[in-house]
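Presented below is the structure to which this report refers.
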Amino acid sequence: MSVIKKLAILSTAFGLFAATAGTATAQKKYDPGASDTEIKVGNIMPYSGPASAYGVIGRTEAAYFKKINDAGGINGRKINFVSYDDAYSPPKAVEQARKLVESDEVLLIFNSLGTPSNTAIQKYMNSKKVPQLFVATGATKWNDPQNFPWTMGWQPSYQSETQIYAKYILKNHPDAKIAVLFQNDDYGKDYLKGLRDGLGSKAASMIVMEESYETSEPSIDSHLVKLKATGADIFINITTPKFAAQAIKKNAEIGWKPLHFLNNVSASVGSVLKPAGFENAQDIISAAYLKDASDKQWDNDPGMKEFYAFMAKDFPEGDKLDGGTVVGYGVAQTLVQVLKQCGDNLTRENVMKQAASLKDFRTEVLLPGIKINTGPNDFAPISSLQLMKFKGDKWELFGDVISADVGG
Amino acid sequence: MSAAEEVVTEAPAVEAVPKRAMTLGYGTSLVVLAALILTPLFVKNFIIFQMTMLLIYGLAVLALNILTGGSGQFSLGQSAFYAIGAYTTAILMEHFNVNYALTLPVAGVVCFGAGFLFGQPALRLSGIYLALATFALALAMPQLLKLGFLEHWTGGVQGLVVTKPDAPFGLPLSQDMWLYYFTLAVSIGIYVASVNLLRSRSGRALMSIRDNEIAASAMGVNVALYKTLAFGVSAGITGIAGGLGAIAVQFVAPDGYTITLAISLFVGMVVGGVGWLPGSIVGSAFIIFVPNIAEGISKGLSGAVFGVLLFLVIYLVPHGARQVALIAQQLAAKLKKN
């Protein structure tokens, strides 16, 4: 048994002890969806439709909660994970959210995926006062406790990531000419805004071209030729995996060698850099908060070993190299922590209160040094990233963990 | 006329439906109406919301039915008109504080105009070529909504959040229930108007175009005008459905109105029975509930299960709900005889 596992069990035991000791005299309190034996957790995922590749996140979470239940549950209660498909369609997401809240009567909705879908249900969830916890989108607007006290994100926002790149550029390449390629949707535009904000007054003079592409385009080659023609010496690549691999390959073909920043969305070694060719991907800079399961350097990392063991035993049909499984595992662990902290006070209000009082919590799939911290005015659980550079066949982390909290 | 074109235009778009077979009998209509009025009193708000969506998609399917079942023209672009209607309502409500009820006629008129204008060039196309042209419209719409210079109004990729209206005059109804009855009233109005339209002189003109364009024009029907009018009316009703949809869902975003929606509406029309207006609500139920059933059967293969169910419907009852209704009618008549 690894040290980490021992520690985890110890801390669980301690947590249980603390919970029972603290609430020995307190009444058990329940809202709909919670009882002595069960906690009902709702979830909405695109199992079908254009974003169905993300469905693996929901399946990982289901497997993880099953593992928790088989080990006795949380404070003696089993998690009943009700996950529905919205096919990445906002109207369908509203229907499913209402089904979860009004028909299934869940305690909370957890890790619902997609910016459009979450925007569609945000107002409803807040008017019903049902937690919309750890939404699976990097949009910046989820950190807005004043206006939406029942909604909380999880991963670092897109804007904070490009702000970190901007900080780095201003410090190391203050006279650079920047060319940007971005996907023409909420995700791409959010990233771009972070970059512009991060560069501040120098944005107008430094960014020489902002080129957008549509996901329906089969190839983005022509955009890269255009970007090369600007003579920019920094390239900021805000693309999803398929296009990112194309861009890296094409750059090598046309002999354009700018300082290449690749967004975290596409930083997977297995699904982007390998198909693009390692020789073409040298010295690309990116930022990360999770360990990459397809990166060899974590093979002997205790936290990742635990993850691999989980994948082998509890979710053998899943692909551990798919970034979605790491995300699902990490976010499910965060929810388990919140529910543990709730003890016997399983009201919706207390769920939000506990979610907003995570202190230095770590799931071991996070990079070393990154911790989850929340507070009444900080609804951005993970707000730091670390820069990394691609060398050989793996990412090399460099510099300190950089934090950039951006409000919604 | 080239040989290829001849093949396409010669094949009848849809099987002709006799006029009387387009509606339900009075007795059945009253039973359905009573069910629609009374059910919400006994069910949860969530079910009421689903019933509201049922009516809204029903309206959109009905609009397509008028176009295809009435005038014999195909459209895979209904999602575009649905989107225009939804955005018209959302923008009027959120930017100009217009009352929700007043935004619907505006959405209808705007979409009628859009449909009429689109119908002008589309006129020159028929059959599968028209289907392809409207398909292009549906593909383009989500991207048009994201355009930079419209972003101030449309909210771009982030969409617009719409406020749900309360029941007026202090009526003791929940928001959901009020919206349901409001939608029901609008739907009944449009249904009655549509039935009357198809029974009128104009309706006969449309159906004559559907059955044989050359014969219709020989009889003095202004083919060009009636075809564009059918497009306009269909787009207008779809727009009103879109507006209602925006209020019910409380959110509009480009991703809500992709080609998938247009195809769903098309599926709904075929399942409900092409040219049979009451079938619209059956078709709507199919596109709302069957994906949920499919998901219940298998999460990973929900799309495949939906496909199999759709295939079964098309294979067993190719005329959709109309065929089922006819069979039921014949059975009832037999029972009466015995």
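The values are calculated or read from the model by the stated rules, or taken from the named source; none is laboratory data. Given the structure is predicted, the values throughout are model-derived calculations rather than measurements. Note that we place each Cβ from the backbone using ideal geometry, even for glycine, and neighbour counts take in every protein chain shown.
Side notes on the structure shown:
- Condition broken by residue B:193, with the remaining ones in (1) under 25 Å from residue A:122 (Cβ atoms); (2) surrounded by fewer than 16 Cβ atoms within 10 Å (Cβ to Cβ) satisfied: (1)
- In segment A:215-267, the residues that are more than 24 Å from the chain's Cα centre (by Cα) and in contact (Cβ under 8 Å) with a residue 60 or more places away in the chain: A:233, A:234, A:258, A:259
- Residues satisfying the criterion are absent from segment B:200-212 (criterion: buried (at least 20 other Cβ atoms within 10 Å of the Cβ) and in contact with a Pro (Cβ under 7 Å, 6 or more places away or on another chain)).
- Within segment A:281-322, restricting attention to residues that are surrounded by fewer than 19 Cβ atoms within 10 Å (Cβ to Cβ) and among the polar types (S, T, N, Q), the residue that is farthest from residue A:159 (Cα to Cα) is A:300.
- Of B:114, B:101, all but one fail to be touching a residue at least 24 places away in the same chain (Cβ under 8 Å), small (Gly, Ala, Ser), buried (at least 17 other Cβ atoms within 10 Å of the Cβ) and in a helix (DSSP H, G or I); the exception is B:114.
- Filter result (surrounded by 16 or more Cβ atoms within 10 Å (Cβ to Cβ) and hydroxyl-bearing (Ser, Thr, Tyr)) within segment A:169-213: A:187, A:191, A:212, A:213
- Segment A:385-408: number of residues that are in contact with a Phe, Trp or Tyr (Cβ under 7 Å, 6 or more places away or on another chain) and at pLDDT 90 or above: 4
- Some residue of segment B:229-243 being closer than 22 Å to residue B:101 by Cβ, in contact with a Pro (Cβ under 6 Å, 6 or more places away or on another chain) and within 14 Å of chain A (Cβ to nearest Cβ): no
- Every test in (1) closer than 23 Å to residue A:84 by Cβ; (2) surrounded by 23 or more Cβ atoms within 10 Å (Cβ to Cβ); (3) within 14 Å of another protein chain (Cβ to nearest Cβ) is passed by residue B:268 save one, and that test is (3).
- Scanning segment B:25-78 for residues that are closer than 30 Å to residue B:127 by Cβ and either within 14 Å of chain A (Cβ to nearest Cβ) or assigned to a loop (DSSP other than H, G, I, E, B) (or both) gives B:56, B:57, B:60, B:72, B:73, B:74, B:75, B:76, B:77.
- Filter result for residue A:193 (touching a strand residue (DSSP E or B) at 6+ places or on another chain (Cβ under 6 Å), among the basic types (Lys, Arg) and assigned by TED's automatic domain parsing to the domain that holds residue A:259): no
- Across segment A:101-117, the number of residues qualifying as within 10 Å of another protein chain (Cβ to nearest Cβ), in contact (Cβ under 8 Å) with a residue 12 or more places away in the chain and in contact with a helix residue (DSSP H, G or I) (Cβ under 9 Å, 6 or more places away or on another chain) comes to 5.
- Condition met for residue A:162 (within 18 Å of the chain's Cα centre (by Cα), away from chain B (no Cβ under 14 Å) and crowded, with 24+ Cβ neighbours inside 10 Å): yes
- Qualifying residue in segment B:314-322 (condition: away from chain A (no Cβ under 12 Å), of a type in the set (Gly, Ala, Ser) and within 27 Å of residue B:28 (Cα to Cα)): yes
- Segment B:249-263 - residue that is surrounded by fewer than 24 Cβ atoms within 10 Å (Cβ to Cβ) and touching a Pro at 6+ places or on another chain (Cβ under 9 Å) and, of those, farthest from the other protein chains (Cβ to nearest Cβ): B:259
- Residue in segment B:156-173 that is surrounded by the fewest Cβ atoms within 10 Å (Cβ to Cβ), counting only those that are aliphatic (A, V, I, L, M) and within 7 Å of chain A (Cβ to nearest Cβ): B:161
- Applying the criterion of being assigned to a strand (DSSP E or B) and surrounded by 19 or more Cβ atoms within 10 Å (Cβ to Cβ) to the residues of segment A:323-379, the residue that is nearest to the chain's Cα centre (by Cα) is A:366.
- If you go through segment B:310-338 and pick out every residue that is part of a helix (DSSP H, G or I) and either buried (at least 17 other Cβ atoms within 10 Å of the Cβ) or of a type outside the set (A, V, I, L, M) (or both), you end up with 13.
- Residue check, residue B:280 of a type in the set (Ser, Thr, Tyr), touching a Phe, Trp or Tyr at 6+ places or on another chain (Cβ under 6 Å) and assigned to a helix (DSSP H, G or I): no
Conditions tested, residue by residue: (1) at pLDDT 75 or above; (2) closer than 16 Å to residue A:329 by Cβ; (3) of a type in the set (A, V, I, L, M).
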site	(1), (2), (3)
A:13	no, no, yes
A:47	yes, no, no
A:62	yes, yes, yes
A:66	yes, yes, no
A:73	yes, no, no
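- Qualifying residue in segment B:140-155 (condition: among the β-branched types (Val, Ile, Thr) and under 30 Å from residue A:189 (Cβ atoms)): yes
- Residue within segment B:258-274 that is more than 21 Å from residue B:155 (Cβ to Cβ), in a loop (DSSP other than H, G, I, E, B) and modelled with pLDDT under 95 present: yes
- Within segment A:179-227, being of a type in the set (A, V, I, L, M) and within 14 Å of chain B (Cβ to nearest Cβ) holds for one residue alone: A:192.
- Candidate set: segment A:65-94, residues that are over 24 Å from the mean Cα position of the chain (by Cα) and either buried (at least 24 other Cβ atoms within 10 Å of the Cβ) or among the basic types (Lys, Arg) (or both); chosen: the one nearest to the other protein chains (Cβ to nearest Cβ): A:78
- Residues satisfying the stated conditions in segment B:136-159, i.e. in contact (Cβ under 8 Å) with a residue 40 or more places away in the chain, within 28 Å of residue B:122 (Cβ to Cβ) and of a type in the set (A, V, I, L, M): B:136, B:137, B:138, B:139, B:140, B:141, B:145
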